[in-house]
Structures are given as structure tokens and as C-alpha cells.
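> Okay, handing you the structure first.
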Amino acid sequence: MEPASSSNPDFTSVDGAAVVEGFNSSVDEISAKIDTLEKRVNEVERFYLTTGNLNLPTSKGVAVVKDRQLTASKKQQQDASRREAAATKRMQGLMRQFSAMFHQITKLEWAWPFKDPVDVERLGLHDYYQVIEKPMDLGTIKNRMEAKDGSEYKNVREIYADVRLVFKNAMKYNDEGEDVYVMAQSLLKKFEEKWLKLLPKVVEEETRRADEEAEARRNMQLSQDAAYASTAKHLSNELFEIDVYLRNLRQTVVQKCRKMSSDDKRKLSTALSQLSAEDLSKALEIVAQSNPNFQATAQEVDLDIDAQNECTLWRLKVFVKEALKVQGKSPEAIGGKVQGKISEAIGGNKVAGSKRNREICDTLAKTAVRRTKKISNM
């Protein structure tokens, strides 16, 4: 963000209309910057609400954040590819060991009934598919393991489950004591014995892979934390600069505005009494911003209108007028129409036209109120 002084209009060398245009230009610039910052703040808030970390840490900027996120993302993708390649290689080793075990089972004397799919029609097993939900055989498993474009199984547990299913189906469809039942039961027992020897290596690999994935998630989270920490710090710095800029611009505006008359102050006091409890609290916060000793949240508040500076009075005037409009009450009680006041603020020149040609004090006070609300909501 550019220094505040670089975009301040020269109020001393121009006529009234140009002063208004200068103010409007400055307010437009501030509004644009605030809109941009608001989007960044929302992005940071969404991140910390999602992660459950509501304490915004400190570090450097949105542009830097996006660069870091991109760099971190590329590195994480590379690391993930390396991990995946290493894990795939280890799993292939386990699958080779399982394949050797599988072939030992298929060579056993009683394995022949299970090498091919059950010929339901030839054997007249008309109720087979009603009993067996997922048919499986050793030949189908072998073909899947040795597929030309690579095994259709991703890990050994998938193959283990299918081999076990072959024998469980046979035991489910055939009665206990029948030949096929006994053969399936015997082969399943031998298969489970061999599987138990391989299982520790399978568990070790699964544990290792789970740990690596958990570490990758932690690294991703740390990377996001660091990136959004930078965003939070950068936003804090920019908001501080805008706050300083607004204070300086507001003081310049006050110097150009006429001082409030006793009648104006009386109307302002009357209008304050018409505010809702919520709006009254916001009005008292405006007073507290320029008076640190003022207790805006006390149960009983004694507000001396005559003791307030001109900047606070004008900010209150604009805030109260808009609050009463929302409540459906007439804002006339605290001072006329906007265009009619421009001449009073800058010495008799009237400016007509676009919606940006508003009363100087109104324009800047609205921006100041908006700024206050944004900071209080962060």
C-alpha cells in the first residue's frame, strides 16, 4: 500500500468543488483497498474456522502466501509421488510372496474343484446364485493377478479376501461332511496357516504407509498455517496503514467543515435518544474511539455532547442519520438533505451530479464507520 500522504488531495490550492472531488477520490481509493482486504480477511477467517485454530498467528502477505502455497504444493506432490512409488514397490514385493504362497495352494491335490468357475448349468445347481452372492474361483484370481496391464489387485489383502471367499462359498453351498465341503475346509486351513506367516509383513507395510500419509497431512497443515500466518500479518499491517490514513484524512475533513451549532448538537442529542439499543452501543463506541477514558460499555453512561470534538460530532451525526433511516424514522431531525450541506462545508460552492458528490463530512464519516465495523468483526 502506498503511504497515506501520497494520495492526499491538496485542499489548500483548489476551490470547493475540487475539494469535494479530491475527498471523493480518496474515499474511492480507500473503499477499493478495503474491499480487497475484506476478501483476504474472509479467506483467512475461513481457513482458521475450518482448521479449528481461531488464534491468527503472525507472519507476511497474500501474494507471498499464494507463492508459498504453490511452491509447497509442488514439493508435496513430488514427495507424494516418491512415497507412492516406494510403497508400490514394497507392495509388489509382498504380492510376489503371496503369489508364491497362492501357487502352492493351487498345486495341492484337493485344489482341482476350485480352479474354475462353478458350472451351474452342467451340474444342475439351479439355486447356486441364490445362495452364493459373489462367486469366485482360483482361476479368476490367477488371471487378475497376472493381467497384462498389471495386477487388478492393489494390495495383498484384496487377494487374500478373494482366495478365502473361494473356500467359504464352497462350505456355504455344500453341506458339512460332503466331499467338496471337506476339501474346501482343509485347503482354507492350510491357506490361513501360510497367510499368518506373511501377515506381519503386511501389517508392517500398512502401518508404515499410514504413518507416511499422516505425516504428509501434518506437513500440509503446517504449510497452510505458515502461509495464512503470513496473510494475517500482512493484513494487519495494511489495515494499520489504512487506519492511519483515515485518521489523517478525517482530521482534514473536520477542518473544512463548519463547527456544529448549539442547535445542531441539541438535535443530535435528541436523535441519539431515538436509537435502538444496538445502534446506541455503536454510537457510544464512536465516542470511545476518540476518548479513551469514556466507558462505552458501562451500565450508566453520561454523554456530554458539548465535550466532544468536531470529528466525533460529525461521525455521530452521519451514523445516527443512517441508523434512523434503517429504523424508518425521519433523519431530518438532525440536519437536512445531503446536497444542501456541501456549501456549508466548503464555503458556498454546490456540487451536483453523481452519487459520489456527497457532503464531505458524510462521505468520510461513512467510510470511517465502515472501517470501524470491519476491524471490530475481524
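> Which count do you get for residues in the range 256-292 that are buried (at least 18 other Cβ atoms within 10 Å of the Cβ) and among the β-branched types (Val, Ile, Thr)?
2
> With the requirement that a residue be surrounded by fewer than 14 Cβ atoms within 10 Å (Cβ to Cβ) and over 53 Å from the mean Cα position of the chain (by Cα), what does the range 116-147 give you?
Kept after step one, since they are surrounded by fewer than 14 Cβ atoms within 10 Å (Cβ to Cβ), are these residues of the range 116-147: 116-117, 119, 121-124, 126-127, 129-131, 133-134, 143, 146-147.
Asp116, Asp119, Glu121, Arg122, Leu123, Gly124, His126, Asp127 - these are the residues of the range 116-147 that are surrounded by fewer than 14 Cβ atoms within 10 Å (Cβ to Cβ) and over 53 Å from the mean Cα position of the chain (by Cα).
> Just one of (1) buried (at least 17 other Cβ atoms within 10 Å of the Cβ); (2) modelled with pLDDT of 95 or more; (3) of a type in the set (D, E, K, R) trips up Glu205, so point out which.
(2)
> Would you point out which residue out of Asn169, Asn219, Asn155 is assigned by TED's automatic domain parsing to the domain that holds Met101, within 46 Å of the chain's Cα centre (by Cα), polar (S, T, N, Q) and surrounded by 16 or more Cβ atoms within 10 Å (Cβ to Cβ)?
Details: Asn169 fails: within 46 Å of the chain's Cα centre (by Cα); Asn219 fails: surrounded by 16 or more Cβ atoms within 10 Å (Cβ to Cβ).
Unique residue meeting the criteria: Asn155.
> Continuing with the same structure: Going residue by residue through the range 195-214, is there one that turns out to be in contact (Cβ under 8 Å) with a residue 40 or more places away in the chain and closer than 20 Å to Met136 by Cα?
Taking every residue of the range 195-214 in turn, at least one turns out to be in contact (Cβ under 8 Å) with a residue 40 or more places away in the chain and closer than 20 Å to Met136 by Cα.
The values are calculated or read from the model by the stated rules, or taken from the named source; none is laboratory data. The shown structure was predicted, so the numbers you read here are calculated from the model rather than taken from an experiment. When we count neighbours, we look across all protein chains shown, and the Cβ atoms used for this are built from the backbone with ideal geometry, even at glycine.
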